[in-house]
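Peer 1: Below you will find the structure I want to go over with you.
The values are calculated or read from the model by the stated rules, or taken from the named source; none is laboratory data. Remember, predicted model here, so these are calculated numbers, not experimental data. All Cβ positions, glycine included, derive from the backbone under ideal geometry; neighbour counts span all protein chains shown.
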Amino acid sequence: MNKAVKLVVSLALAAACGVVSAQSAWKPERNVEIVVGSSPGTGTDRTARLIQKIWQDQKALPVSATVVNRPGGGGAVSWAYLGPKAGDGHFLLVTSYNLVTNHITGRSNVTYSDFTPISLLISEYIGFAVRPESPHQSLGDLVKALRENPDAVSFGISSSAGGANHIAVGLLAKAAGVDVKKLKVVVFNGGGESLAATLGGHVTVWVNSAASIAKPYAAGTVRPLAISSPQRLPGPLANLPTTREAGFATVADNWRLVIAPKGLSAGQVAYWDHAFRTLAQSKEWNDDLATAQMTNSYRNSADTTAYIAREYGEIRGILEELGLAKSAK
């Protein structure tokens with residue numbers, strides 16, 4: 001290689017390094033909006049406000065951060081709000097499982113690939129509970145009855161067909177060798193309604209998050225049969241078996257993740273990778289998750305993108321078996 005060529009190559013490498021350095025030095029220059037696709041007081045809203053509080057307490061950002069609620073359409077309003085802001089790293093959106101399920105079931109035209117996945121943060125595992133006087137003393141008892149007569153066992157879920165709770169039921173049935181199309185699933189508007197229906201004997205099983213089950217369990221109102229987590233949860237639910245321990249190889253959760261507009265630069269992604277990694281390592285964050293019976297599932301942007309892609313395929317598979325998949329692959 002002659003000197004002239006070497007000089008050109010050296011200058012090109014220097015320029016490239018300069019671009020990478022400039023990108024990696026990106027930081028927000030104005031208020032950061034933490035958008036939520038639901039009303040104040042909901043689970044995703046609570047997560048967003050905890051993020052904001054920790055960042056504020058730790059002075060983690062060089063600018064302010066505010067929570068902006070954009071409820072409606074099962075998340076569609078918030079996704080549409082983020083859509084036109086391509087390349088702008090000042091907007092983050094706390095969303096959940098429905099970003100994937102709504103697309104597969106045909107409720108939404110957008111999915112994770114229409115955004116920049118930033119961080120998977122939380123796994124909220126699903127539990128199966130019955131009323132105290134139920135004849136089903138274990139998950140094995142329940143599955144035995146389900147195998148013998150699927151129509152005699154009903155599952156109360158909220159708040160939409162094809163959501164995380166519905167998928168948890170489908171995965172359990174599949175692991176048990178039960179035809180998922182024969183499942184009797186009743187959809188309620190909220191967890192309170194499905195709980196009331198279970199206690200009243202109108203449905204056999206209450207299916208909800210471990211966090212939702214914890215309080216009525218402590219009060220003796222319900223008798224949980226199992227939690228669909230890979231390991232037993234710590235704290236007040238520690239004595240409850242997992243679905244795997246009960247003999248059914250299934251794990252089901254409703255995760256919460258942060259996405260940003262499509263087209264973020266490598267520097268913007270790197271900034272938020274660092275911010276959320278630091279958040280996920282903080283004591284305040286982990287203490288809150290433990291109290292809420294949630295699991296820290298932190299992944300960076302690249303790992304989150306790969307994880308959701310795998311989940312999309314698995315979720316589509318069970319929703320197809322349930323007869324609920326409508327969008328094109």
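Peer 1: Restricting to the range 288-329, name every residue that is acidic (Asp, Glu), under 20 Å from Asn165 (Cα atoms) and either touching a residue at least 60 places away in the same chain (Cβ under 8 Å) or outside any helix (DSSP H, G or I) (or both). Spell out the reasoning first.
Peer 2: Of the range 288-329, the ones acidic (Asp, Glu) are 288, 303, 311, 314, 320-321.
Those still in the list that are under 20 Å from Asn165 (Cα atoms) too: 311, 314, 320-321.
Scanning the range 288-329 gives Glu311, Glu321.
Peer 1: If you scan the range 125-154, which residues turn out to be touching a His at 6+ places or on another chain (Cβ under 9 Å) and more than 26 Å from Ala218 (Cβ to Cβ)?
Peer 2: Lys144, Ala145
Peer 1: Just give me the residues in the range 272-294 being buried (at least 20 other Cβ atoms within 10 Å of the Cβ) and more than 17 Å from Ala60 (Cα to Cα), in sequence order.
Peer 2: Within the range 272-294, Leu289, Gln293, Met294 meet the criteria.
Peer 1: With farther than 23 Å from Gly89 by Cα and aromatic (Phe, Trp, Tyr) as the only criterion, which of Phe276, Phe248 stands out? Talk me through it step by step, then tell me what you get.
Peer 2: Numbers: Phe276 fails: farther than 23 Å from Gly89 by Cα.
Selected residue: Phe248, the only one of Phe276, Phe248 that is farther than 23 Å from Gly89 by Cα and aromatic (Phe, Trp, Tyr).
Peer 1: Answer with yes or no whether Gly247 is surrounded by fewer than 14 Cβ atoms within 10 Å (Cβ to Cβ) and either on the phi > 0 side of the Ramachandran plot or within 17 Å of the chain's Cα centre (by Cα) (or both). Walk me through it before giving the result.
Peer 2: Values: surrounded by fewer than 14 Cβ atoms within 10 Å (Cβ to Cβ): no; either on the phi > 0 side of the Ramachandran plot or within 17 Å of the chain's Cα centre (by Cα) (or both): yes.
It is false that Gly247 is surrounded by fewer than 14 Cβ atoms within 10 Å (Cβ to Cβ) and either on the phi > 0 side of the Ramachandran plot or within 17 Å of the chain's Cα centre (by Cα) (or both).
Peer 1: Tally the residues that are more than 9 Å from Gly127 (Cβ to Cβ) and touching a strand residue (DSSP E or B) at 6+ places or on another chain (Cβ under 7 Å), restricting the search to the range 194-210. Show your work before the answer.
Peer 2: Our first condition is that a residue be more than 9 Å from Gly127 (Cβ to Cβ); within the range 194-210, this holds for 194-205.
Okay, now just the ones that are also touching a strand residue (DSSP E or B) at 6+ places or on another chain (Cβ under 7 Å), so 194-195, 197-198, 203-205.
Of the residues in the range 194-210, 7 are more than 9 Å from Gly127 (Cβ to Cβ) and touching a strand residue (DSSP E or B) at 6+ places or on another chain (Cβ under 7 Å).
Peer 1: Can you name the residue in the range 27-49 that is farther than 17 Å from Ala260 by Cβ and buried (at least 20 other Cβ atoms within 10 Å of the Cβ) and is also modelled with the lowest pLDDT among such residues? Break it down into steps so the answer makes sense when it comes.
Peer 2: Of all residues in the range 27-49, those farther than 17 Å from Ala260 by Cβ come to 38-43, 45-46, 49.
Okay, now just the ones that are also buried (at least 20 other Cβ atoms within 10 Å of the Cβ), so 38, 43.
On the way: Ser38: 93, Gly43: 90.
In this case the residue turns out to be Gly43.
Peer 1: Report yes if some residue within the range 12-26 is surrounded by 13 or more Cβ atoms within 10 Å (Cβ to Cβ) and at pLDDT 95 or above; otherwise report no.
Peer 2: The answer is yes, given that some residue of the range 12-26 is surrounded by 13 or more Cβ atoms within 10 Å (Cβ to Cβ) and at pLDDT 95 or above.
Peer 1: Can I ask one more? Say whether the condition of being within 30 Å of Leu289 (Cβ to Cβ) and surrounded by 24 or more Cβ atoms within 10 Å (Cβ to Cβ) is met by at least one residue in the range 184-191.
Peer 2: Scanning the range 184-191 turns up no residue that is within 30 Å of Leu289 (Cβ to Cβ) and surrounded by 24 or more Cβ atoms within 10 Å (Cβ to Cβ).
Peer 1: Filter the range 223-244 for residues that are surrounded by fewer than 22 Cβ atoms within 10 Å (Cβ to Cβ), in contact (Cβ under 8 Å) with a residue 24 or more places away in the chain and more than 19 Å from Ala290 (Cβ to Cβ) and give the result.
Peer 2: Arg223, Pro241
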